[in-house]
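I have placed the structure first, in the form of structure tokens, so that the comments after it can refer back to it.
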Ligand code: ADP
């Protein structure tokens, strides 16, 4: 129990010890309080940026919104209760975050970031101009009361300096406890998956837009709450809260302290504000202090990619793994691959044609990738697809999994017309594929990778179980272990993907598709790039996985493919050339002439 909550306990102890220790290090109470507010503001931003990979420059808009709403209630609307006003400000900021998120998340990458910049500027303008009557414009809102609580027999006041500290430390602690729950929940797993590989997170069945919006709203709520605390801490709500510089400072502090750590923004704020105090106050450097800050920032980003907290965490992990390495460095144990596969989708036991494509065509401008393909696969069948490069095999798979919409034709899966549906929905129905080029979650371990896929299947495409503990989701542990055994990675569960051998990565690629228990599994060149021994092992693996499943496999290694499948479809120039058993295909003069002959001729040359 205490091991599970060791981060929370350590945080509480540090917060309790801080007022006794920090004065001896020369830290002023107001600096410590400001660090806490920035730290709390940054927790939400870290969930958005560090965990989900969304770099927003618009956090100042939400910080200002929450802060000014609370300050207005307390100074102009006669609202008596400080905490309630801050909570109301938080709700308004979260609602604003929802709307901003709806707009900004329509784009990704640099375009997302640019939209957030524009939104921050719009909020700043609105605060200064149309709303200046309510916000005080460039003067801000003075006279924000400090919190006090009437206990009946006494009144507890949190005025300034160290007497304000317990109030802020309490909220910071609560903020960390909530954030830790979120990042350890299945939603946290989905957020990290989005950061690592949004395409694959979608393909394994997560509604990534819903989760991104969730992260945006959570970050907005933290920003709004911190904005409210800023006003009450200073007794004044400054217009600079809305300033674009506020967003910039938050990003730099998070980078300095370490993103994806939750504590990084606090550490970054401590470095930033202490340097400011020391260089400006003690050394009287004036505005030149930012030169030193810039230097510190560049050095930290160059030499400590994960920031201060990330660097400390990595060091701890290295030391711990050195201690544990001796017995565990043994070669991967060969797990039993013959474990009986269980199908979890409703289609387990589905009989007859599981997939029917009719007249499927895909045109890219003038390029005809596929034309008029009629294709049927029966439940339980192992089908191979071959064809020279450019024959349209990958495009055909992309249409079947609904990654790209067909230009014409229809796809019926298990009796349901899936034409034009999303790849997420189709995966949820039980149709998924492994990619020709690995699409893994590279900074996560094998276990975490498999969890991403299994959770999408167990929980559906979107669920707001923000406070659930991932490891307690029924069936998760067993399903991850079972899939790891199927793809022979049971001994590598805690290894980060970046440390896997190529063959292991290919097996994990198949494992990610298998983890969602598809009733129809498509494998796009599963043997690509493998050494002969890795191929032999993967063919054994595929034979074992294939028992009781429906699979369609594209591969260029025809000897291996013909060993695996019952029927083969040959594509040429985007059309079906011929279909038959491996023996029929080998003997077919059309295929020999158009494909095998060509290959042999190539090989001879
Ligand atoms: P294969 O997998 O058999 O090698 P592909 O499906 O990748 O074949 O490609 C079939 C044809 O479609 C090729 O001529 C290719 O250049 C074209 N093609 C595939 N994807 C695109 C795209 N996104 N835009 C334009 N042309 C494409």
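Readers should treat all values here as calculations from the given coordinates under stated rules, not as data from a laboratory. Source: prediction; values computed, not measured. Counting neighbours? That spans all protein chains shown, and the Cβs are built from the backbone with ideal geometry, glycine included.
Express in whole angstrom the spacing between the alpha-carbon centres of the range 222-268 and the range 22-84.
Measuring centre to centre over Cα atoms gives 5 Å.
Against the longest alpha carbon principal axis of the chain, how many degrees, from 0 to 90 and to the nearest 10, is the axis of helix 244-257 turned?
Orientation of helix 244-257: about 70 degrees from the principal axis.
Round to the nearest 10 and give me the degree value, 0 to 90, for the angle of helix 446-459's Cα axis relative to the longest principal axis of the chain.
90 degrees
Of all beta bridges DSSP finds with both residues in the chain, what is the antiparallel percent, to the nearest 5? Each step should come with its number before you reach the end.
Values: 26 of 43 bridges.
Looking only at bridges with both residues in the chain, the antiparallel portion is about 60 percent.
How would you rank 151-160, 245-254, 109-118, 12-21, highest first, on the average number of other Cβ atoms within 10 Å across their residues? Mind dumping the intermediate values first?
Details: 151-160: 10.7, 245-254: 21.3, 109-118: 15.1, 12-21: 13.1.
Going by the mean number of other Cβ atoms within 10 Å, highest first, we get 245-254, 109-118, 12-21, 151-160.
Once both axes come from the Cα atoms, what is the angle between helix 82-104 and the longest principal axis of the chain, in degrees from 0 to 90, rounded to 10?
Compared with the principal axis, the helix lies near 40 degrees.
Sum -39500 (n - 2.57) across every DSSP H segment of at least 4 residues in the chain, then divide by the residue count to get the 222 nm mean residue ellipticity, nearest 500.
On the way: 23 runs with 320 residues, N = 605.
That calculation yields -17000 deg cm²/dmol at 222 nm.
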